[in-house]
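What follows is one structure encoded as structure tokens, with my remarks underneath.
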Amino acid sequence: MSDFSLKPVLTGERTVLRPFTAADAEGMAEIIEDPEVLRFTGTPSGDLTLERLRSWYGSRSEQTDRLDLAVTDKATGELVGEVVLFEWDAHARSCTFRTLIGPRGRGRGLGTEATRLVVGHGFGYLGLHRIELEAYGHNARALRVYEKVGFVVEGVRREADLRDGQWVDWVVMGLLDRDWAALSSTAR
């Protein structure tokens, strides 16, 4: 089991995942403030000034207990989002996954490919046994992506969050190393 100190560049057909730099703060600020991102991820805690975002994204490569990678469009190099493996449990060889894709990265398969790339890295290089995630039950786009990649619904935390005056569910999904290995290369 490796730790998360290596920050790889992962290249697919449509995306390149690369380590963040402080220069990514402006692009991520725009993505984080997108109404759809806010709808499905919630309002960020605290005051996210550009200075704070520069500090945050500039420090991601120093973290040895998590992997934050910028999702870029391979054709243009444009930053379109992020993928993150975090909440690492070394003993259980597990972690949590999250992603967000901004408006210029949606509807083109970039999020699906980015998810496959980082999940493959988690199982193949990091030696993870389990990757889990939670997504809002009303986030149909994300749930479809996760199911396409191989995540399985393990449960629903009913009415676990109050959003815009409405109770919403959290869907809990997981993927095991043996399930990932069993998927054919065409399914991935």
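Relative to one another, the C-alpha centroids of the range 15-39 and the range 100-145 are positioned 15 Å apart. The GNM of the chain, with springs linking C-alpha atoms under 10 angstrom apart, assigns the highest mean-square fluctuation among Glu132, Glu33, Glu82 to Glu33.
Average accessible surface for the chain: 51 Å² per residue, computed with a 1.4 Å probe over protein heavy atoms with every protein chain in place. Accessible area of Val152 (1.4 Å probe, protein heavy atoms only, ligands and nucleic acids ignored): about 80 Å². The structure shown yields Cα extents along the principal axes in Å, and of the options (1) 58, 40, 32; (2) 57, 36, 29; (3) 42, 38, 33 that calculated value carries the label (3). Here the range 30-188 exposes an accessible surface that is 49 percent carbon and sulfur, computed with a 1.4 Å probe and the other protein chains kept in place.
The values are calculated or read from the model by the stated rules, or taken from the named source; none is laboratory data. What you see is a predicted model, and the numbers here were worked out from it, not measured in a lab. These accessible areas exclude ligands, DNA and RNA; they are computed on the full protein's heavy atoms, side chains included. Shrake-Rupley method; radii C 1.70, N 1.55, O 1.52, S 1.80 Å.
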